[in-house]
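First the structure, in the form of structure tokens, and then the observations on it.
The values are calculated or read from the model by the stated rules, or taken from the named source; none is laboratory data. All values derive from a computational prediction rather than experimental measurement. Heads up, the Cβs are rebuilt from the backbone with ideal geometry, glycines too, and the neighbour counts pull from every protein chain shown.
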Amino acid sequence: SQQGEEDPQASSIQEGENATMNCSYKTSINNLQWYRQNSGRGLVHLILIRSNEREKHSGRLRVTLDTSKKSSSLLITASRAADTASYFCATDSTTDSWGKLQFGAGTQVVVTP
Amino acid sequence: NAGVTQTPKFQVLKTGQSMTLQCAQDMNHNSMYWYRQDPGMGLRLIYYSASEGTTDKGEVPNGYNVSRLNKREFSLRLESAAPSQTSVYFCASQRGQGANEQFFGPGTRLTVL
């Protein structure tokens with residue numbers, strides 16, 4: 001079973017709009033990470049938020065974490081065509097003593113000019 | 001720095017054939033991972049190596065073996081390929097266990113007929 005589950009599964013937005021995607025998870029975590037995957041490429045790390053943090057910013061990215069609801073959201077402001085990609089959340093669970101990441105199925109975002 | 005490199009990029013096998021997927025990283029990372037990615041699913045961990053000289057099973061290890069040849073290289077072997085192993089395989093590395101980000105290779109697209 002998937003630890004992280006993103007929604008929506010896919011979205012299409014216009015350039016300049018904000019893109020929001022959500023991630024829910026099942027177990028307690030040490031941290032949650034977001035990755036981007038362009039078509040046919042490997043994943044690229046975007047941002048990490050620790051379990052004791054509630055919000056984090058990096059450039060046009062804003063991540064929130066609500067550990068009571070076991071959920072996170074990723075907001076990309078002022079989206080560009082180059083933001084077209086799949087976005088994955090990954091959790092580092094406290095129930096795994098080694099700290100392996102578990103990935104969700106991803107949200108596919110298409111930004112049209 | 002090349003980061004994480006994988007060979008080959010594409011491979012077609014017949015059922016029962018064997019092959020080895022190669023992965024190397026030049027970032028002096030301790031930990032390395034092999035994932036598979038199937039349509040509509042996130043990445044699933046096959047095997048990982050927390051440090052040179054150690055390997056452990058992940059979520060879906062059946063039908064695979066790994067070798068951590070040295071700190072740089074981590075190979076994945078399919079002894080007798082099956083159509084269910086048709087997938088995209090990603091290698092990743094991480095500085096150490098815990099909260100650090102993972103760096104991914106470009107992937108190997110494998111088809112088993």
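Are there strands (runs of 3 or more DSSP E) fully within region A:37-100 with at least 3 residues that are closer than 20 Å to B:Cys91 by Cα and either free of Cβ contacts under 8 Å to residues at least 60 places away in the same chain or of a type in the set (Gly, Ala, Ser) (or both)? List them.
Numbers: elements: A:43-50, A:55-58, A:61-66, A:71-76, A:85-93.
Where strands (runs of 3 or more DSSP E) fall fully within region A:37-100 and carry at least 3 residues being closer than 20 Å to B:Cys91 by Cα and either free of Cβ contacts under 8 Å to residues at least 60 places away in the same chain or of a type in the set (Gly, Ala, Ser) (or both), they are A:43-50, A:85-93.
Can you find, within region B:74-110, the residue that is farthest from B:Ala24 (Cα to Cα) among those that are among the charged types (D, E, K, R) and assigned to a strand (DSSP E or B)?
The initial filter retains those residues of region B:74-110 that are among the charged types (D, E, K, R), namely B:77, B:79, B:95, B:101, B:109.
Okay, now just the ones that are also assigned to a strand (DSSP E or B), so B:77, B:109.
On the way: B:Arg77: 15, B:Arg109: 17 Å.
Looking at the filtered set, the residue picked out is B:Arg109.
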Considering region B:48-73, residues that are touching a Leu at 6+ places or on another chain (Cβ under 6 Å) and assigned to a loop (DSSP other than H, G, I, E, B), and then whichever is surrounded by the most Cβ atoms within 10 Å (Cβ to Cβ), we arrive at B:Gly58
Region A:16-32, residues that are more than 22 Å from A:Asp96 (Cβ to Cβ), surrounded by fewer than 15 Cβ atoms within 10 Å (Cβ to Cβ) and of a type in the set (Gly, Ala, Ser):
A:Gly16
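Okay, residues lined up against (1) more than 9 Å from every other protein chain (Cβ to nearest Cβ); (2) surrounded by fewer than 18 Cβ atoms within 10 Å (Cβ to Cβ):
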{"position": "A:Trp34", "(1), (2)": "yes, no"}
{"position": "A:Ser39", "(1), (2)": "yes, yes"}
{"position": "A:Leu43", "(1), (2)": "no, no"}
{"position": "A:Ser51", "(1), (2)": "yes, yes"}
{"position": "A:His57", "(1), (2)": "yes, yes"}
{"position": "A:Asp66", "(1), (2)": "yes, yes"}
{"position": "A:Leu75", "(1), (2)": "yes, yes"}
{"position": "A:Tyr87", "(1), (2)": "yes, no"}
{"position": "A:Thr107", "(1), (2)": "yes, no"}
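Mind telling me which of the residues B:Leu21, B:Leu43 ends up being in contact with a Leu (Cβ under 9 Å, 6 or more places away or on another chain) and at pLDDT below 95?
None of the other options fit; the residue is B:Leu43.
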If you go through region A:91-101, how many residues are facing another protein chain (nearest Cβ under 8 Å) and either crowded, with 23+ Cβ neighbours inside 10 Å or of a type outside the set (Gly, Ala, Ser) (or both)?
4
